[in-house]
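A short write-up of the structure that comes next.
The values are calculated or read from the model by the stated rules, or taken from the named source; none is laboratory data. The structure presented is a predicted model; accordingly, all values stated were derived computationally and were not measured. Cβ: placed from backbone, ideal geometry, glycine included. Neighbour counts: every protein chain shown.
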Amino acid sequence: MMPELGKYAATVLSSYGISILLLVALAVVSLRRATRVRRALEEVEARRRP
Amino acid sequence: MSSLWEYANPKKFVETSQRVLPWVTVLSVACLVVGLVWGFFFTPEDYRQGATVKIIYLHVPSALVAINAWFMMLLASLIWLIRRHHVSALAARAAAPVGAVMTVIALATGAIWGQPMWGTWWVWDPRLTSFLILFLFYLGYIALWAAVEDGDTAADLTSILCIVGSVFAVLSRYAVFFWNQGLHQGASLSMDAEENVADVFYYPLLVCIAGFVLFFVALVLLRTQTEIRARRMRALMARERMG
């Protein structure tokens, strides 16, 4: 299944590894901040309700 | 017929983007998985570049998004400066870290690809240099938003920075056409079919580009929602403090 990358295996695999890691990290950081801010806003809005 | 400016209303923007976001996310993940699996596992080696040609599925889409993210930020900044819509300023702010990460991916994969092909990780070629400067503009833009406390002042200053940085976004895109020096090749994608990469690489590359663009759109929608909520939270807390 794994393609034959020959002498360029490290070059190709490190490119994919770094890129996928950065894309996943960006998505996770964005999702975590979105959740944190949404909860914090809900708390502030709940405090303001009579 | 509804106007595009309706989405300048933060509430309307959040409601609409919440409906659209799951679809864009699913489509983006599907395109990324299909494109990268197709490119990595089911395309042949290039007769000159060997297996390193597989890096094209990361390098070209990330570079394309990195440059066009700046143009999206420029458009949003101009809308802010002209019409003072907060959503556009917050969308520009939301896009910057995504564009910066895309620039890092393009620079890193370019350096890794360049080492075996050119015999060097880096060269002060016009395209590479303007791309590095674009990355520094991204960092400056993010830092400026963080450094200025007043939101409107930060939006004004970052909009001006964005207009100045657009010179380097244009240079990153077009340097190869008018600067006949440097190692970087011409465009991989062109309106002229004869200049394009071979079909066997071209179609998975198009799917990857669609995946990266949709990924950018999904993250910008999510992060803009977050910026809108954070702005509302700061306003409510300021009102609380004033009693």
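Could you check how many residues of segment B:93-132 are of a type outside the set (A, V, I, L, M, F, W, C) and closer than 17 Å to residue B:51 by Cα?
Going through segment B:93-132 one residue at a time, the tally reaches 6.
If you go through segment B:78-91 one residue at a time, how many are surrounded by fewer than 24 Cβ atoms within 10 Å (Cβ to Cβ) and either small (Gly, Ala, Ser) or not in a helix (DSSP H, G or I) (or both)?
So the answer is 2.
What number of residues within segment B:41-63 are surrounded by 20 or more Cβ atoms within 10 Å (Cβ to Cβ) and in a helix (DSSP H, G or I)?
13
Can you pull out every residue in segment B:92-137 that is away from chain A (no Cβ under 14 Å) and assigned to a helix (DSSP H, G or I)?
B:92, B:126, B:127, B:128, B:129, B:130, B:131, B:132, B:133, B:134, B:136, B:137
Given the conditions (1) within 14 Å of another protein chain (Cβ to nearest Cβ); (2) crowded, with 21+ Cβ neighbours inside 10 Å; (3) touching a residue at least 24 places away in the same chain (Cβ under 8 Å), and given that residue B:18 satisfies all but one, which numbered condition is not satisfied?
(2)
Would you confirm whether or not segment B:126-135 contains a residue that is crowded, with 21+ Cβ neighbours inside 10 Å and at pLDDT 95 or above?
Scanning segment B:126-135, I find no residue that is crowded, with 21+ Cβ neighbours inside 10 Å and at pLDDT 95 or above, so the answer is no.
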